[in-house]
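The values are calculated or read from the model by the stated rules, or taken from the named source; none is laboratory data. Since the structure is predicted, the reported quantities are computational estimates derived from the model, not experimental observations. Cβ placement follows ideal geometry from the backbone for every residue including glycine, while neighbour counts extend to all protein chains displayed. We work out accessible area using only protein heavy atoms, side chains counted, and drop any ligands, DNA or RNA first. Shrake-Rupley method; radii C 1.70, N 1.55, O 1.52, S 1.80 Å.
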Amino acid sequence: MGIVDVRTGLGWDSHRLAAGRPLILGGVRIESDLGLDGHSDADVLTHAVIDALLGAAGLGDIGEHFPDTDERWRGADSIALLEHVAQLVAGAGWTTTSIDATVILERPKLKPYKQEMGERLARAAGVATDRVNVKATTAERLDAVGRGEGAVAQAVATIVRSS
Ligand code: MG
């Protein structure tokens, strides 16, 4: 009897908040005075999901695939990077069965955007929307995120060997 090859990957990312930047989370533009700073569009949530998928499939990390020293990725749409990574994972013989993520941001409140973020991430990852869950919380005014200096995201992805 063969084993069922199920693997899990963890993703974690953080970006600073800055003036004059758009706030994009899970591919969704969020109404905000401040946005996340970074080489790409700094979509911290999508970056965590990408690293979770790469980790599950044993394919390294986001920095290896999309180095921030490479001008090709300046201002990059992170959802497009996720689509690319989803293709790599599928091409390596894996089916993604679930993605769970948490984004930690003091303000604005993300509740009105969670469903759209989940749908956007699911579409990019090539999975059904009911296999993706996006959670949002604050840091309760603790630490740098709690002081409104940035955002953190965590994600877990589960994949199974395609039959
Ligand atoms: Mg990042």
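Go through segment 26-53 and report how many residues are within 12 Å of the ligand (Cβ to nearest atom) and closer than 20 Å to GLY118 by Cβ. I'd like the intermediate steps shown before the answer.
The first filter runs over segment 26-53 and keeps only residues within 12 Å of the ligand (Cβ to nearest atom), leaving 36-51.
Keeping just the survivors that are closer than 20 Å to GLY118 by Cβ gives 36, 41-51.
Qualifying residue count, segment 26-53: 12.
Being of a type outside the set (Asp, Glu), open to solvent by 10 Å² or more (accessible area, probe 1.4 Å) and under 18 Å from ASP51 (Cα atoms) is a property that does not hold for GLN115.
Considering only segment 138-151, state which residues are of a type in the set (A, V, I, L, M, F, W, C) and open to solvent by 20 Å² or more (accessible area, probe 1.4 Å).
Residues of segment 138-151 of a type in the set (A, V, I, L, M, F, W, C): 139, 142, 144-145, 151.
If the condition is that a residue be of a type in the set (A, V, I, L, M, F, W, C) and open to solvent by 20 Å² or more (accessible area, probe 1.4 Å), then LEU142, ALA144 are the ones that fit.
For ALA56, the conditions (1) under 15 Å from the mean Cα position of the chain (by Cα); (2) farther than 16 Å from GLY11 by Cα; (3) more than 13 Å from the ligand (Cβ to nearest atom) are fulfilled apart from (2). Please verify whether segment 75-98 includes one or more residues that are surrounded by 15 or more Cβ atoms within 10 Å (Cβ to Cβ), at pLDDT below 95 and in contact with an Asp or Glu (Cβ under 9 Å, 6 or more places away or on another chain). Yes: segment 75-98 contains one or more residues that are surrounded by 15 or more Cβ atoms within 10 Å (Cβ to Cβ), at pLDDT below 95 and in contact with an Asp or Glu (Cβ under 9 Å, 6 or more places away or on another chain). Would you say GLY26 is surrounded by 19 or more Cβ atoms within 10 Å (Cβ to Cβ) and under 9 Å from the mean Cα position of the chain (by Cα)? Yes. Among the residues of segment 132-157, how many are more than 14 Å from the chain's Cα centre (by Cα), not in a helix (DSSP H, G or I) and not acidic (Asp, Glu)? So the answer is 8.
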